[in-house]
Every structure is written in structure tokens, then in C-alpha cells.
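> Let me begin by handing over the structure; questions about it come next.
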Amino acid sequence: MSQPTPAAVTCRGLVKRFGGSSGVLAVDGLDLDVPAGSVFGLLGPNGAGKTTTLRLVTGLARPTAGLVTIDGAPVSAGRGGLDARRGIGVLDQDPRYYSWMTGRELVALAGELQGLPAREARARADETLQLVGLADARTRRIAGYSGGMRQRLGIAQALVARPRLLVLDEPVSSLDPEGRRDLLALIADVRASATVIFSTHVLADVERICDRVAILDHGRLVTEGALEALLAGYASPLYRIDPEPGQEAALSALAATLRATAWVDGVTERDGRLTVSVTDEAAASAGLLPLVVAAGVRLAGFERVRPSLEDVFLRLVGREPDASPGGRAAA
Amino acid sequence: MTGGSVLLRKEMLESWRTLRLPIVAGLFLLVGLTSPLLAKFLPEIITAAAGDQLPTIPLPTPVAVDAVSQTWKNLAQFGAFAAIVLAMGAVSTERDRGTAAFVLSKTVSRGAFIAAKVAAIGAILALCTALAVAVAWVYAAVLFEPLPVGGWVAMAFLAWLGLAAWAALTFLGSTVTGSTVAAAGIGFGALVLLSIASAIPNVGRFLPGGLAAPAIALASGVPVDIGDVLAPVAATVVLIAVALGGAAWSFGRQEL
């Protein structure tokens, strides 16, 4: 069978409001272009509109206004959207499946519902379950699967028909480190034949496999672009000041001094450390350490670092991508 | 309809694995077995139960028509209960559990999703009704006399149509409210209200309850005016069509 051609996705003026005209605005005038063949990371804090956007892309939700197209065909929840939805693999944030089925039956069902003949769907189900590490559990009822196994099963059902577009909502949320590594490898493998859109709060994963990133906040697009360009665009140097313990007062005083300094762009205090972004690298190189010394802060570490996606995210959104411990630990 | 046949197969397999089909079939089998028996031995049962309290009231000797009436009554009561139970969670459970989103993220229309469920419920009710009526016919033939097979086939069809009406109204409730409990309430409420309305002269024949008289007559070998059959059949078909059309329309506009 020939490889599918990856699909391009566009959102134009996309609006989704829940609960009538005075309800919650989940997506607010979103314009987005996902190029064919890209691995596209959708980032944002809780309630940013990531899941709603993905449900609009897959036709599971109806937009209040605006349009989503896949390869030019409009997506809709009705019969008219079937052409656009052909060849899409979807993994929901909280995947639920028929607990009375075996894993193999469910994946084969997903294949058949995407147009595969029954025999081919069963063969592909076996292959895909092998790929996600569920070969041994394929004849067991889904009712007995753990959360991680269900997540793997969800990935298998999304991949079984070799989709041209893979939409994954928080795909690593229930996976252990090994499962996470395997999934990222799988995504890297399918990028030749499919466009991948996935939402996550694990920014390290995004940096590892995405070539394009969009950051949402309050349903609006904050920024979108190639990952390298995004990092370069917000590449004002960062300095991390790591003091010896027990100097909270001195550290706060230093932070206040730095915020009042002309060449300092921003100061964040986290985990007893200061991260300082600057607008004038030369001035910072010459002036930052003397300010630290003048404040009487004894240093355990001092370094100049390349901004990470997390730094860019914090700078643009002003808060963490997600408050969950798993997210922080992984990132 | 895209994905419809695959989903129908899944629905039937689900009915079997979750024991819905075996349990409903068992209930209908019991109805088929016990109805002619009950008709045959009801006078003895009453006499044994009443003892000396009914010495002067002569009980009529049971005849084959009593077996027909008893079969219809039991089918209409227990069958309606089964139809409501089959339909009450059809859509609401899938929405609650998130499995509807799994199916509808594939190349499947919402119409196909609804149609497969309706077809599965209709098929289960048809299978179980046929089973009950076939068993009841055999018992009636053994205990009384063989009655016209064609008439019993007609009664089975009319019974199925009546049960389909209760299932359709419950299905509408399951789709519109998204709640299994509310759907059951709507189904039983409709059953009670329409059964009461059936007693109103000239109204009853345009309700599912109007199917009883022609069904019993046909199964008993009594000639029936075609108009007496067509009126309740047409009314029931319209009721089913409106309920299922409403369910499909509502589901097509829902968020998952």
C-alpha cells in the first residue's frame, strides 16, 4: 500500500463559545496554519483552548464561527465533513473505549470505521499493537487494561489506518518514561507520511520532536512559528543566579534592584533562584555580577543560558504551561 | 451509510457480550412458554387459590383464543419493559462514557451511528418476539388446537411494531436528554399515557394500543377489516418515524 500524503490544516477566524452568548469563550478568533508534513505542537496553560481547538479540527465540536479545513475540505460534524475527516487518526485527552472488547477487536474496529476491509483491519491491528507494545495483551478485555495501556491502545487505534493527519491530545499524560520515549519515537517515524498535531504541557517533548509550535492563551493565538525561529526570536540572553541557601531577604532585594535596572528586561524568582533576561548583553556582562556582589548575595552558581521553550512560554504567557507535578517534573 | 454495517455488527456483538440479548431472549422465551400454559390452567389456578370461596361462580372452559389473548398481553407488558430497557442507554451511555467520540472521530456519519443502534434494537426485538410467538404457537397447538400460522406471523409483526414504538420514544429520550434515567422515565411515561389514551373511543385505534384487537383477531383466525389493521399500523409507523427522526436531528446538533 502506498504511503498517504500528509494533510495541511487551516483554521480561519475560529470561535468556540460554550453556553450561549454570555458563556465561556474557549477559542477566540483563531487563525492557524499547520503545514503538511509538520509535527505541530499546541501549547498553552490549562484552559487555553487546546483541547477545544483539537475537537474543532476533528469535527467533534462545532465552531460558533469560523472554519477549519483539512487539505481545503471543510471540517464539520455532519455528513458534509466526512471527506475532510477521512484519514485522520485521533487520540482523545482521556481516551475511553468499549471495555467489553479486546484490544485487538477495538483497534480492528477503528480500522474498519476508517474504511479498511475487515481482514486487513485485523492484520493491521496486530501490527499496530505490536508497535505500541500491547501484543501480549491484545486478546485481553480492555476492562482489565491500566491507564498507560489504554493510552497505548489509543495510540494504536489512531495509527491503525495509517492516517495522513494525526491529532493527539496530551498523548503522553498517562505514560511512564519508557512509554513516553516510545511514543515520541513513533511520532518521529510517522512524520514522513502524516502531519502530526499534538497538545502537551511537556515542553521538553515539544523541543525534541516539533518543528512548529503554536502557543495559545485564553483561546487566542499568542504566537506561532517554526520552533527554531521562535527560540531565536525571543533569544535575549538569560542569566541564572543560583545563591547559597538562606539568603531570601538579600535575594529579594537583588531582584528589586535588577527590575529597576535599564538593561534588565525581566526577573523571575523560582525555586530560590533568579532568572534574569536582559536587553543589552554587553551591559549585562559588565554590570550584572557587580550588582550581585553589591547586594551581598553569596553565589553557589551563575550562568548565562540559551532560552528554552519554557522560558519563551513563561515570557509570553506569564505562567506555567501546566500545574501538574508530572508536567513540571518531565519538563 | 458510511460505517453503518460495521457499527451494526459491533452493536449486535455488544448485545451478546454484555448479556443484553441473552437476557431479553430469555424473558421473551418465558413469555412464550408461560402464556398458553397460564390460559389453559388459569381456571384451575383460581379454583385452587380460592378454595370454597367461589362455589357458585362457573369458570369458562379455556379455549385457544385465550392463549392468543394471554400471549399478546404478556408480550405487550414484558416486551414493552424490555424495549424501554434496551433503548434507554443506547445513546446517553455512549456519550457519557466517551465512546461516541471515539466512533465519530472516524469516517462515520452521525446518521450511521444512530441507524446502527436503531437497527440493532429493532433486530433484537424482532428476534425475541419471533421466538416468543413461535414457542407460544407450539404450546397453544399442544394445549388447545393449532391456530393459523399466518395469523400468528401477523400478530408477531404487530407486537414487534408496538414494542418498536416504545423503544423509539425511549431512544428519543436517551438522545435528547443524554440521561439514561430520564430516557427510562420518558419511555415508561409514554407507555402509561398512551395506554390510557388507547381506552378513549375512536382515539385508541390511532395509537400503538390499537394494534391489540386486530392482532388477537388475526391470530385467532377471525377475519379483520383491513382498515382496522392499517389505521394503528400507520399511526405507529408515523410515531416511530417522528421519534427516530427527532433523535437523529437532535444528535446531529450535539457536542460530543
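The values are calculated or read from the model by the stated rules, or taken from the named source; none is laboratory data. The structure presented is a predicted model; accordingly, all values stated were derived computationally and were not measured. So basically every Cβ, Gly included, is an ideal-geometry build from the backbone, and we count neighbours across all protein chains shown. All accessible areas refer to the heavy atoms of the entire protein, side chains included, with ligands and DNA or RNA removed. Shrake-Rupley method; radii C 1.70, N 1.55, O 1.52, S 1.80 Å.
> Within the accessible area of region B:116-256, what % is carbon and sulfur when the probe is 1.4 Å and the other protein chains stay in place? Can you show the working numbers first?
Working: 4670 of 5930 Å².
Ligands and nucleic acids excluded, carbon and sulfur give 79 percent.
> Another one. Name the residues whose placed amide hydrogens come within less than 5 Å of the amide hydrogen of A:Arg96, ignoring near sequence neighbours (fewer than 5 apart) on the same chain.
none
> Considering chain A as a Gaussian network with a 10 Å cut-off on Cα pairs, which listed residue, A:Thr139, A:Thr223, A:Thr58, attains the greatest mean-square fluctuation?
A:Thr139
> Can you find, among A:His201, A:Thr10, B:Val68, the residue farthest towards the positive end of the dipole of the protein assembly as shown? Put +1 on the C-beta of Lys and Arg, -1 on that of Asp and Glu.
B:Val68
> Give me the inter-chain shielding for A:90-100: mean count of other chain Cβ atoms within 10 Å, whole number please. It would help to have the intermediate numbers written out before the result.
On the way: counts 5, 2, 5, 1, 2, 4, 8, 4, 10, 4, 6.
For this peptide, the per-residue mean of nearby foreign Cβ atoms is 5.
> How crowded by other chains is B:242-255, given as the mean number of beta carbons from other chains within 10 Å of each beta carbon?
Average per residue, whole number: 1.
> For A:Thr195, which sequence-distant residues (separation of 5 or more, or a different chain) have an amide H within less than 5 Å of its own amide H, given hydrogens modelled in the peptide plane?
A:Ala7, A:Gly37, A:Leu165, A:Leu166
> Quote the charge dipole size of region A:121-236 about the Cα centre in Debye, to the nearest 20; the model charges only the Cβ of Lys and Arg (+1) and of Asp and Glu (-1). Intermediate values should be presented prior to the final figure.
Working: 15 positive and 15 negative charges, 117 e Å.
Here region A:121-236 has a charge dipole of around 560 debye.
> Sticking with this structure for a sec: I need the per residue convex hull volume for region B:157-256, using only the alpha carbons, in cubic angstrom as a whole number. Don't skip to the end; give the middle numbers.
Numbers: hull volume 9.2 nm³, N = 100.
Expressed per residue, the convex hull around the Cα atoms of region B:157-256 is 92 Å³.
> For the charge dipole of chain A, defined by +1 on Lys and Arg C-beta atoms and -1 on Asp and Glu C-beta atoms about the Cα centroid, which residue among A:Leu251, A:Ser277, A:Ala84 has the Cα displaced farthest towards the positive pole?
A:Ala84
> Please give the Cα centre distance for region A:36-114 versus region B:182-256, rounded to the nearest Å.
Each part's Cα centre sits 39 Å from the other's.
> Once you've got the GNM for chain B with C-alpha springs shorter than 10 Å, pick whichever of B:Phe28, B:Phe206, B:Phe102 has the biggest mean-square fluctuation.
Maximum fluctuation in the GNM of chain B, among the listed residues, is at B:Phe102.
> Would you mind checking which residues have amide H under 5 Å from A:Leu221's amide H? H placed 1.01 Å from N; only 5 or more apart, or other chain.
The answer is A:Asp31.
> Evaluate the relative contact order of chain B (contact order divided by residue number), counting alpha-carbon pairs under 8 angstrom at least 6 apart; express in whole percent.
On the way: 349 pairs, mean separation 65.5, N = 256.
For chain B, the relative contact order is 26 percent.
> Between A:Ala253, A:Ala156, A:Ala300, find the one with the highest GNM mean-square fluctuation for chain A; connect C-alpha pairs within less than 10 Å.
A:Ala300
> Under 16 Å Cα to Cα from B:Lys40, which aspartates and glutamates show up? Leave out anything in the same chain fewer than 8 places away.
B:Asp66, B:Glu145
> How tilted is helix A:248-259 with respect to the longest principal axis of chain A? Cα atoms for both, answer in degrees (0 to 90, nearest 10).
Tilt relative to chain A: about 90 degrees.
> Further question: Could you compute the net charge surrounding A:Arg17? Neighbours are other residues with a C-beta less than 15 Å from the C-beta of A:Arg17; K and R count +1, D and E count -1. It would help to have the intermediate numbers written out before the result.
Values: positive: A:Lys16, A:Arg55, A:Arg62, A:Arg220; negative: A:Asp28, B:Glu255.
Combined, the nearby Lys, Arg, Asp and Glu give +2.
> Which angle between 0 and 90 degrees, to the nearest 10, do you get for helix B:226-252 versus the longest principal axis of chain B when only C-alpha atoms count?
30
> Can you tell me which lysines have their Cα less than 22 Å from the Cα of B:Lys117? Leave out same-chain residues fewer than eight positions away.
Result set, ordered by chain and number: B:Lys10, B:Lys106.
> If the only charges are +1 at each Lys and Arg Cβ and -1 at each Asp and Glu Cβ, what is the size of the charge dipole of region A:1-152 around the Cα centre, to the nearest 20 debye? Each step should come with its number before you reach the end.
Details: 19 positive and 13 negative charges, 88 e Å.
So the dipole magnitude of region A:1-152 works out to roughly 420 debye.
> From the phi angles alone, apply the Karplus equation (6.51, -1.76, 1.60; θ = phi - 60°) to region A:138-149 and give each ³J(HN,Hα) in whole Hz, x where the residue is Gly or Pro.
5, 9, 8, 5, 5, 3, x, 7, 7, x, x, 5
> Here is a follow-up. So how much accessible surface do B and A hide from each other in total, probe 1.4 Å, in square angstrom to the nearest 100? Kindly include the intermediate steps, with their values, before the conclusion.
Values: alone 12590 and 15270 Å², together 25160 Å².
Chains B and A together bury approximately 2700 Å².
> Follow-up. Relative contact order for chain A: what percent, with Cα pairs under 8 Å and sequence separation of 6 or more?
Numbers: 639 pairs, mean separation 65.7, N = 331.
Result for chain A is 20 percent.
> Residue-wise, which Karplus ³J(HN,Hα) couplings in Hz belong to region B:206-215, taking 6.51 cos²θ - 1.76 cosθ + 1.60, θ = phi - 60°, and x for glycine or proline?
9, 10, x, x, x, 6, 4, 4, x, 5
> In region B:1-31, which residues become less accessible by 20 Å² or more once every protein chain is in place, relative to the chain on its own, using a 1.4 Å probe?
SASA drop of 20 Å² or more in region B:1-31: B:Thr2, B:Val6, B:Arg9, B:Lys10, B:Leu13, B:Glu14, B:Arg17.
> What number comes out for the charge environment of B:Leu211, summing +1 per Lys or Arg and -1 per Asp or Glu over other residues with Cβ under 13 Å away? Intermediate values should be presented prior to the final figure.
On the way: positive: B:Lys73, B:Arg205; negative: B:Asp228.
Result for the local shell: +1.
> Moving on. Tabulate in residue order the Karplus-calculated ³J(HN,Hα) for region B:60-74, using 6.51 cos²θ - 1.76 cosθ + 1.60 with θ = phi - 60°, rounded to whole Hz; enter x for Gly and Pro.
Ordered by residue, 3J(HN,Hα) equals x, 6, x, 10, 4, 4, 5, 5, 4, 4, 5, 4, 4, 4, 5 Hz.
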